[in-house]
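*Asks:* What follows is a structure written as structure tokens; I'll ask about it next.
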Amino acid sequence: MDPIEALADAIMTFEGWRLGTRSWRNRNPGNLRPFKEIGQPADRDGYRIFDSLSEGFLALKMDLNTKFYHNSHNLTLQSTLLDLLNIYAPAGDNNNPTEYTRFVCKWTSAILQREIKPETTLKEYLG
């Protein structure tokens, strides 16, 4: 499996994708926020609304690809998964990046069938 898709799958699960949740209602498995300059549809709490799950999942994968490959938020391939999730789910938004990272590591280790740790670099994660 593609490591970015495995990560997106873990995020979708951690974000609570199930019947009735915000991510489910908004078809937004990553609970992404809109880009300010584009004017994308959002709910009253500022989370993007997609027309379909496939559209929302693709946006999540694109967001992750941007963070991995385009020096977004000053990440490099030497940054760790914990660094990534500190940006993706910052404590300032009432997240617990350490708990989030532990969950993602456990989930992606199972999917990718290799050990993934919080200190795994993005380069190592990509394999």
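*Asks:* Quick one: net charge of G46's neighbours, Cβ under 12 Å, K/R +1, D/E -1?
*Replies:* In short, +2.
*Asks:* If you don't mind, another one. Translational diffusion coefficient of the chain at 25 °C, 0.890 mPa s, Stokes-Einstein with Kirkwood Rh over Cα pairs, in µm²/s as a whole number.
*Replies:* Values: Rh = 14.8 Å.
Once the numbers are plugged in, D ends up at 166 µm²/s.
*Asks:* Calculate what fraction, in whole %, of the accessible area of region 43-123 sits on carbon and sulfur atoms when a 1.4 Å probe is rolled over the protein chains.
*Replies:* 49
*Asks:* I'd like to check one number: the per residue accessible area of the chain, probe 1.4 Å, reported in Å² as a whole number.
*Replies:* 57
*Asks:* Also: Taking amide H positions as placed in the peptide plane 1.01 Å from N, state which residues far from A42 in sequence (5 or more) or on other chains have amide H under 5 Å from it.
*Replies:* I49
*Asks:* Here's something else I'd like to know. Relative to the first principal axis of the alpha-carbon coordinates of the chain, what is the inclination of helix 97-112, with its axis defined by its Cα atoms, in degrees from 0 to 90 and to the nearest 10?
*Replies:* Roughly 70 degrees, rounded to the nearest 10.
*Asks:* Using +1 at the C-beta of Lys and Arg and -1 at the C-beta of Asp and Glu, which of L85, I11, W24 has the Cα lying farthest in the positive direction of the dipole of region 1-120?
*Replies:* W24
*Asks:* Still on this structure, I have one more. Output the relative contact order of region 2-118, whole-number percent, from Cα pairs under 8 angstrom with separation of 6+ residues.
*Replies:* Once normalised by length, the contact order is 23 percent.
*Asks:* So what does W24 come to for accessible area, using a 1.4 Å probe and Å² rounded to 10?
*Replies:* Counting only protein heavy atoms, W24 exposes about 90 Å² to solvent.
*Asks:* Work out how far the C-alpha atoms of region 59-113 reach from end to end along every principal axis, then list the three figures in whole Å, largest first.
*Replies:* Taking max minus min along each principal axis of the Cα atoms, region 59-113 gives 29, 27, 24 Å.
*Asks:* Kindly express, to the nearest 10 degrees and within the range 0 to 90, the angle between helix 53-69's C-alpha long axis and the longest C-alpha principal axis of the chain.
*Replies:* 40
The values are calculated or read from the model by the stated rules, or taken from the named source; none is laboratory data. Keep in mind that this is a model prediction, so the values were computed, not measured. Neighbour counts run over all protein chains shown; Cβ positions are idealised from the backbone, glycine included. Note: areas computed on protein heavy atoms with side chains; ligands, DNA, RNA excluded. Shrake-Rupley method; radii C 1.70, N 1.55, O 1.52, S 1.80 Å.
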